[in-house]
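In what follows, a single structure is set out as structure tokens and then discussed.
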Amino acid sequence: MRCCNWVMTWSISRYQNTVVASSIVRGLFSPLGWLVGFWLLSGAHQAVYAHYGVEGSALSHVLWQWGTSLLIVWWVQDDERQTGYRPCYEYAAFMFFGWPLLLPDYLLRTRGIRGLLWISAFSILFFTPWLFAIATFYLAG
């Protein structure tokens, strides 16, 4: 009987580990995971440019601006489905062009006072490329 209990316990713990692993993978491939990864990759990109004392190309700046806007819109649309908040018909277009002003409003409306934590997290992640570049410039310099 003791052997059967061990087998059941092992199979349950194995299932729980699989559930945890799948939720981590799901989180990495969520819109927020892509946004964080994009900003961290942009930070590494800016750090390399700062290390060599070269200014980034115009194409990299355009890709960063458009990529940030697209990923924020994707995250907001995904978050709207989860929270049930429906602001207006073309909110995605408004968010694409005016996300620095609209994102804090959206976060405060959907999360209340906890939205301030989200705003600070997005602000820190938004400035990550410049922080990486400044740190690289002064540390390597």
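The values are calculated or read from the model by the stated rules, or taken from the named source; none is laboratory data. All values reported here derive from a predicted model rather than from experimental measurement. Neighbour counts are summed over all protein chains in view; Cβ atoms, including those assigned to glycine, are modelled from backbone coordinates with ideal geometry. Side chains are part of the model used for accessible areas, which takes the heavy atoms of the whole protein and leaves out ligands, DNA and RNA. Shrake-Rupley method; radii C 1.70, N 1.55, O 1.52, S 1.80 Å.
See the values below:
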item: Carbon and sulfur %, accessible surface of region 51-141 computed with the full protein complex present, 1.4 Å; result: 68 percent
item: Residue-span extension gain [Leu41 to Arg109] - 0.36 nm each, minus C-alpha spacing; result: 21.5 nm
item: Using θ = phi - 60° and Karplus 6.51 cos²θ - 1.76 cosθ + 1.60, couplings along region 84-99 (whole Hz; Gly, Pro as x); result: x, 7, 10, x, 7, 5, 9, 5, 5, 5, 4, 5, 4, 8, x, 4
item: R0 of 30 Å, Cβ-Cβ distance Tyr138-Val62: FRET efficiency to nearest 0.05; result: 0.65
item: Theoretical FRET efficiency, 1/(1+(r/R0)^6), r = Cβ-Cβ of Tyr52 and Ile124, R0 35 Å, to 0.05; result: 0.85
